[in-house]
Amino acid sequence: MERTLIILKPDAVQRGLIGPIIARFERKGLQIVALKLTRLDSAVARQHYAMHEGKPFYDGLIQFISSGPVVVMVLQGNHVIETVRKMMGATSGFNAEPGTIRGDFGLSSSFNLIHGSDSPATARAEIARFFAPEELLDFPAASWPWVYAPGERP
Ligand code: UDP
Ligand code: MG
């Protein structure tokens with residue numbers, strides 16, 4: 001099954017939105033296979049956002065993402081990468097559609113609550129950045145028989 005790396009950013013943690021955001025993923029039928037509260041030092045933050053180096057928002061982004069505790073987790077499910085990106089909404093909370101996480105909970109294009117991997121290759125690299133292999137739990141979710149039809153089941 002596909003996996004993706006999620007970060008609930010410092011604004012989500014400070015605003016008490018860990019529960020409401022995780023609840024959306026659980027209700028969707030996605031499975032949590034790794035989860036921790038941690039803090040990104042600036043070296044890890046720079047590595048995670050290396051593709052944005054040189055852009056005008058880069059320094060502020062590094063400062064923001066390392067400014068307080070974050071929740072990092074790995075979600076698993078069929079088509080989970082694209083599903084989560086849709087659930088997140090557009091980058092700016094102002095542009096994000098209502099019904100999405102960013103559209104429902106935020107107004108900023110910087111403090112936008114959540115990161116989600118954007119491709120299978122990125123997901124693999126990002127998961128390895130934050131979790132050792134033994135921290136990823138492989139278990140059959142009790143909900144699977146009702147979330148997936150027989151032909152879709154893992
Ligand atoms: N960001 C920002 N200003 C911008 C664009 C992006 O502060 O004009 C931040 C924002 O926190 C965003 C992150 O940089 O989530 C990474 O940008 P990207 O374009 O990859 O957006 P995402 O993939 O998170 O939607
Ligand atoms: Mg991105």
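The values are calculated or read from the model by the stated rules, or taken from the named source; none is laboratory data. Computed from a prediction, not measured in an experiment: that's the story for all the values here. Cβ: placed from backbone, ideal geometry, glycine included. Neighbour counts: every protein chain shown. Accessible surface areas use protein heavy atoms only, side chains included; no ligands, DNA or RNA. Shrake-Rupley method; radii C 1.70, N 1.55, O 1.52, S 1.80 Å.
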Original post:
Hey, what did the range 62-131 get for relative contact order, percent, Cα under 8 Å, at least 6 apart?
Top reply: 25 percent
Original post:
Excluding ligands, DNA and RNA, what is the solvent-accessible area per residue of the chain at a probe of 1.4 Å, expressed in Å²?
Top reply: 53 Å²
Subject >> All-pairs Cα distance distribution in the chain, expressed in whole percent, bin size 5 Å >> reply: 2, 9, 18, 22, 23, 15, 7, 3, 1, 0
**OP:** First measure r as the distance between the Cβ atoms of Glu135 and Glu97, then evaluate 1/(1 + (r/R0)^6) with R0 = 30 Å and state the FRET efficiency to the nearest 0.05.
**Re:** 0.35
Subject >> Inter-site label distance for Arg27 and Glu53 at 7 Å from Cα along Cβ, in nm >> reply: 4.1 nm
Subject >> Dipole in debye (nearest 20) - the range 1-52, about Cα centre, beta carbon charges: Lys, Arg +1; Asp, Glu -1 >> reply: 80 debye
Subject >> Relative contact order (%) - criterion: Cα under 8 Å, at least six apart; region: the chain >> reply: 34 percent
Original post:
Using a probe of 1.4 angstrom, how much of the accessible area of the chain is carbon and sulfur, in percent?
Top reply: 55 percent
**OP:** Quick one: among Pro120, Pro56, Pro20, which has the greatest mean-square fluctuation in a GNM of the chain with alpha-carbon springs under 10 angstrom?
**Re:** Pro56
Subject >> Which of Ser92, Met73, Leu30, positive extreme of dipole for the range 4-154 (C-beta unit charges) >> reply: Ser92
Original post:
Taking the chain as a Gaussian network, where each spring joins two C-alpha atoms under 10 Å apart, which residue of Gly60, Gly99, Gly77 fluctuates the most?
Top reply: Gly60
Original post:
Setting aside same-chain residues fewer than 8 positions from Lys36, which lysines have a Cα under 26 Å from its Cα?
Top reply: Lys9, Lys28, Lys86
